[in-house]
Amino acid sequence: MNRILACLVALPLVAVSLGLGAAPAHADDTTCHGTIGAVSLDGNVIVPEGALCRLIGTRVDGNVQVKSGAVLKAKGVRVGGSVQAENHERVVVKALNGGRSHVDGSIQLKQGDGGRIARTDVGSDIQLFTNVGLFVVESNHVDGNLQCKSNNPKPTGSNNVVQGNKEDQCRDL
């Protein structure tokens, strides 16, 4: 009996040590509530549902993911991946103190409210699809395409340098 009891107690410890227990945690992900300043973060930044996140001079090695009803205000950031939002309340990516923000991947914002993308270098595309708030897109350098479809109202702005195509609602920006 004691041998059976000892095995039952040890079994969960063996399962955890072999990685058979709970799903693996993503220790490199950072959940953002409030303000994160000029630090470097490994992994992704997640802005949870309904939260407000301010990134000021922050370096993010991964992606920035903005959840439903959340607000992201990123100023003077460097993002190694992409900025992605769906059903967001507001997303702002812009320069800080005369510098520029940098996003190595894409900025993809869909089915949310409005925001602003200004004085940001984007390594791939800016995509604004089916948003219902006003977006201002100005003075960006985009290595890919600037694509805007089915936004109401259509985005406004100017002085965007785009290596690919300016498409649909953004063709005149």
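The values are calculated or read from the model by the stated rules, or taken from the named source; none is laboratory data. This one's a predicted model, so the numbers in the text were calculated from it and none came from an experiment. As a convention, Cβ positions derive from the backbone with ideal geometry for all residues, glycine included, and neighbour counts pool all protein chains shown.
Please go through the stretch 61-82 and pick out each residue that is farther than 12 Å from residue 112 by Cβ, of a type in the set (Val, Ile, Thr) and in contact (Cβ under 8 Å) with a residue 24 or more places away in the chain.
Looking only at the stretch 61-82, we keep the residues that are farther than 12 Å from residue 112 by Cβ, and these are 61-65, 73-82.
From what's left, of a type in the set (Val, Ile, Thr): 64, 77, 79.
Hits for the stretch 61-82 are 77, 79.
Taking the residues in the stretch 66-87 that are part of a loop (DSSP other than H, G, I, E, B) and under 10 Å from the mean Cα position of the chain (by Cα) as candidates, determine which candidate is farthest from residue 50 (Cα to Cα).
Taking the stretch 66-87 as the starting set, the residues that turn out to be part of a loop (DSSP other than H, G, I, E, B) are 67-70, 76-77, 80-82, 87.
Applying the additional criterion that residues be under 10 Å from the mean Cα position of the chain (by Cα) yields 67, 81-82.
On the way: 67: 7, 81: 23, 82: 20 Å.
This residue is 81.
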Contacts under 9 angstrom Cβ, first residue in the stretch 119-144 being farther than 18 Å from residue 169 by Cα and at pLDDT 95 or above, partner among the β-branched types (Val, Ile, Thr) and not in a strand (DSSP E or B), 6 or more apart:
120/77
Could you give every pair whose Cβ atoms fall below 6 Å, whose first residue belongs to the stretch 158-173 and is at pLDDT 95 or above, and whose second residue is β-branched (Val, Ile, Thr), counting only separations of at least 6 or pairs across chains?
162/142; 173/137
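Take the residues in the stretch 96-141 that are hydroxyl-bearing (Ser, Thr, Tyr) and surrounded by fewer than 20 Cβ atoms within 10 Å (Cβ to Cβ), then tell me which one is farthest from residue 84 (Cα to Cα).
So the first thing to find is which residues in the stretch 96-141 are hydroxyl-bearing (Ser, Thr, Tyr), and the list is 101, 106, 120, 124, 130, 139.
Filter once more, so that each one left must be surrounded by fewer than 20 Cβ atoms within 10 Å (Cβ to Cβ): 124, 130, 139.
Values: 124: 13, 130: 14, 139: 20 Å.
Ranking the candidates gives 139 first.
Please tell me if residue 71 is under 23 Å from residue 125 (Cβ atoms), in contact with a Leu (Cβ under 9 Å, 6 or more places away or on another chain) and not basic (Lys, Arg).
On the way: under 23 Å from residue 125 (Cβ atoms): yes; in contact with a Leu (Cβ under 9 Å, 6 or more places away or on another chain): yes; not basic (Lys, Arg): yes.
Yes; evaluated as a whole, the condition is true for this residue.
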Subset of the stretch 148-157, residues under 15 Å from residue 116 (Cβ atoms) and either modelled with pLDDT under 95 or not in a loop (DSSP other than H, G, I, E, B) (or both), comes to 148, 156
